[in-house]
Amino acid sequence: MKKHIPNTITCCNLISGCVATVFALFGIPEMALLFIILGAVFDFFDGMTARVLGVSSPIGKELDSLADDVTFGVAPASILFWFLGIIDYPSFLEGWRNVIPFLAYIIAAFSALRLAKFNLDTRQTTSFIGLPTPANALFWGSLIVGLGTQMMFWAYSLPLLLIGIMVSSWLLIAEIPMFALKFKHWGFKGNEIKYGFVIFSAIALIGGIAYGIVKENIHICYLPFSIIILAYIAVSIATQKK
């Protein structure tokens, strides 16, 4: 019986991704982001449960990649698909409004490619090479939820989003080492970057929530997640070994 527990948790991740996709396509990005975050929680516990119970299996590995591509690839791409369909377009691109939003699903394709590479790459046991799919999903979801109302009417939102799609898709498969919050020991020495990042993330989240409460805008509370992901990328690039 216990061998089915990790796969059941993985299926909960998959269902979370499906629900997030539906909310995204119906134009409710806040709920879509919440289910992406819920999927990330399930994604964390399925692997940990498999290790604790000693029931890791090849089918579990494949199922995990499928679930991750839905939750962290298709769902955030669907948020972008919806948003690209409602923002202001330059007049010369207005005729492409029904086509351009589909470019968002490039993220889903590159997320699948990143997950396939991860399954075969033995170098990523204690760190990552390329941007992890949950981080990419969290960045896009929190950006749209946090700044969507303002970005909807920015003249340069469309080009920025399209460039962002291409850059984030490249980062998913780029040969760039990125640290993981996996601790071999709890001492500060050797974990300076990890502890520093955790502290920065906590401050950013608390500050974002406080700012959102002061401004009476709950959507702003989500924005720090995007800032944290950008900081994660910047720190990983700045500290990679030559």
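The values are calculated or read from the model by the stated rules, or taken from the named source; none is laboratory data. Here the structure is a predicted model, which is why all the values come from computation and not from measurement. Note that we place each Cβ from the backbone using ideal geometry, even for glycine, and neighbour counts take in every protein chain shown. Protein only, heavy atoms only, side chains kept; ligands, DNA and RNA dropped before computing areas. Shrake-Rupley method; radii C 1.70, N 1.55, O 1.52, S 1.80 Å.
What to note about this one:
- Gain on full extension, evaluated as 0.36 nm per residue between Ile203 and Leu53 minus their Cα-Cα distance, stands at 50.5 nm.
- Close Lys-Lys pairs in segment 72-231, where close means Cα under 25 Å and separation is 8 or more or interchain: 5
- Among residues other than Phe83 with Cβ under 13 Å from its Cβ, the summed charge is -1 (Lys and Arg +1, Asp and Glu -1).
- Gyration tensor (alpha-carbon) shape descriptor, segment 122-176, a/c threshold 1.5: oblate
- Relative packing of peptides 191-202, 21-32, 107-118 - highest average C-beta neighbours within 10 Å first: 107-118, 21-32, 191-202
- Three-way shape call for segment 116-240 based on the alpha-carbon gyration tensor, with the a/c threshold at 1.5: oblate
- Around Asn119: net Lys/Arg minus Asp/Glu count, Cβ-Cβ under 12 Å: -2
- Using a simple spin-label model with pseudo-atoms 7 Å out from Cα toward Cβ, Ile5 and Leu160 lie 4.6 nm apart.
- Sorting the segments 217-224, 183-190 by their residues' average number of neighbouring beta-carbon atoms within 10 angstrom, most packed first, yields 217-224, 183-190.
- Accessible surface of the chain [probe 1.4 Å, protein heavy atoms]: carbon and sulfur percent: 75 percent
- Across segment 163-179, rounded Karplus estimates of 3J(HN,Hα) from the backbone phi angles (6.51 cos²θ - 1.76 cosθ + 1.60, θ = phi - 60°) give 5, x, 4, 5, 5, 5, 5, 5, 4, 4, 10, 5, 7, 10, x, 10, 6 Hz, Gly and Pro being marked x.
- Modelled FRET efficiency - R0 30 Å, Val99 with Ala174, Cβ distances, 0.05 increments: 0.65
- Accessible surface comparison of Thr122, Thr149, Thr239, probe 1.4 Å, protein chains only, largest first: the order is Thr122, Thr149, Thr239.
- Solvent-accessible surface of the chain, averaged per residue with a 1.4 angstrom probe and all protein chains in place: 53 square angstrom.
- Rounded FRET efficiency, nearest 0.05, which uses the C-beta distance separating Phe153 from Thr126 and R0 of 51 Å: 0.70
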